[in-house]
């Protein structure tokens with residue numbers, strides 16, 4: 001029977017650690033500020049921004065929401081980011097994605113200073129990760145690493161299969177697992193015999209966005225299964241990429257959806273905000 005990997009519990013631990021860190025900085029007269037830019041009023045984005053603001057409030061990080069109208073131009077958004085880059089009172093900049101149609105997200109990500117890129121999406125942050133230099137790490141894969149470590153799942157010498165090759169999860173996840181001394185395979189929609197490839201994994205990480213795609217025929221008995229999916233099933237119920245009920249009896253450990261990977265993303269954003277003090281030379 002599988003161990004249920006409790007993302008809510010572990011994310012709470014991390015936020016408590018960040019809270020202690022920000023309190024220590026406050027004792028030195030240092031306050032951290034996160035600027036969150038939201039363009040338009042997408043309901044899902046509004047919920048995500050609110051969750052980030054709540055996490056900031058709990059951890060002692062000042063959160064500044066910058067709401068820009070739906071009709072904001074690329075030039076206006078880039079100009080606002082430039083101002084935030086130059087503002088010494090802002091330690092982290094986050095532009096909530098997705099952006100309204102007509103705005104170029106890649107250009108926006110590149111415009112954020114790598115010193116304030118708390119999402120870990122800037123090419124410089126990704127490059128630092130790939131060659132093992134310090135820098136901000138993409139929050140979702142960094143959160144998965146914490147789930148694995150704090151659950152006691154062994155990575156060294158183990159075979160890890162990551163299904164999905166996005167810039168936000170799949171690719172940085174592969175680099176982080178290599179740093180954990182795992183042997184990594186990145187699979188995707190063009191992979192031949194995907195079930196067979198997945199069954200090789202001691203650690204299976206899914207990030208494809210297809211509800212309940214991965215049943216027990218994809219899972220080696222005793223494997224740890226990390227589900228990054230956030231989907232709706234045929235009844236409109238929140239579910240992951242993994243058919244949880246089918247896989248649970250054969251896995252050694254598994255993340256539920258909700259309550260697994262999801263809470264870790266915001267927790268790691270808070271950790272990146274704390275890390276900004278070191279990256280920006282405010283502390284050593």
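The values are calculated or read from the model by the stated rules, or taken from the named source; none is laboratory data. Owing to the predicted nature of the structure, the values given are computational and were not obtained by experimental measurement. Positions of Cβ are generated from backbone atoms using ideal geometry, with glycine treated the same way; all protein chains shown enter the neighbour counts.
Table: residues versus (1) closer than 18 Å to residue 166 by Cβ; (2) buried (at least 19 other Cβ atoms within 10 Å of the Cβ).
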site	(1), (2)
181	no, no
191	yes, no
194	yes, no
201	no, yes
205	yes, yes
213	yes, no
217	no, no
222	no, no
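Say whether the condition of being closer than 14 Å to residue 277 by Cβ and at pLDDT 95 or above is met by at least one residue in region 36-55. For region 36-55, residues closer than 14 Å to residue 277 by Cβ and at pLDDT 95 or above: absent. Of the residues making up region 60-74, none is closer than 30 Å to residue 242 by Cα and in contact with a strand residue (DSSP E or B) (Cβ under 7 Å, 6 or more places away or on another chain). Residue 126 meets each of the listed conditions (1) surrounded by 18 or more Cβ atoms within 10 Å (Cβ to Cβ); (2) in a loop (DSSP other than H, G, I, E, B) apart from (2). Per this entry, residue 81 is counted among residues that are at pLDDT 95 or above, more than 16 Å from the chain's Cα centre (by Cα) and at negative phi.
Suppose the filter is surrounded by 14 or more Cβ atoms within 10 Å (Cβ to Cβ), closer than 21 Å to residue 148 by Cβ, assigned by TED's automatic domain parsing to the domain that holds residue 157 and free of Cβ contacts under 8 Å to residues at least 24 places away in the same chain; does residue 174 pass it? Break it down into steps so the answer makes sense when it comes.
Working: surrounded by 14 or more Cβ atoms within 10 Å (Cβ to Cβ): yes; closer than 21 Å to residue 148 by Cβ: yes; assigned by TED's automatic domain parsing to the domain that holds residue 157: yes; free of Cβ contacts under 8 Å to residues at least 24 places away in the same chain: yes.
In short, yes.
All of 281, 209 fail the test of being touching a strand residue (DSSP E or B) at 6+ places or on another chain (Cβ under 8 Å), more than 26 Å from residue 12 (Cβ to Cβ) and outside the structural domain of residue 63 (by TED's automatic domain parsing), apart from 209. Here residue 222 passes the criteria (1) within 25 Å of the chain's Cα centre (by Cα); (2) assigned to a loop (DSSP other than H, G, I, E, B); (3) under 23 Å from residue 176 (Cα atoms) except the one numbered (1). Would you pick out the residues in region 69-93 that are buried (at least 16 other Cβ atoms within 10 Å of the Cβ) and farther than 21 Å from residue 114 by Cβ? Across region 69-93, the qualifying residue is only 72.
Name the one entry in 4, 10 that is closer than 30 Å to residue 219 by Cβ and either within 17 Å of the chain's Cα centre (by Cα) or at pLDDT below 95 (or both).
Numbers: 4 fails: either within 17 Å of the chain's Cα centre (by Cα) or at pLDDT below 95 (or both).
The match here is 10.
Annotation: residue 9 fulfils all but one of (1) touching a strand residue (DSSP E or B) at 6+ places or on another chain (Cβ under 7 Å); (2) closer than 30 Å to residue 249 by Cα; the unmet one is (1).
Taking region 34-57 as the range and being over 21 Å from residue 89 (Cβ atoms), in a helix (DSSP H, G or I) and without any contact (Cβ under 8 Å) to a residue 60 or more places away in the chain as the test, the residues that pass are 43, 44, 45, 46, 47, 48, 50, 54. Among the residues of region 14-23, some residue qualifies, meaning at least one is over 21 Å from residue 142 (Cα atoms) and either surrounded by 19 or more Cβ atoms within 10 Å (Cβ to Cβ) or not assigned by TED's automatic domain parsing to the domain that holds residue 258 (or both).
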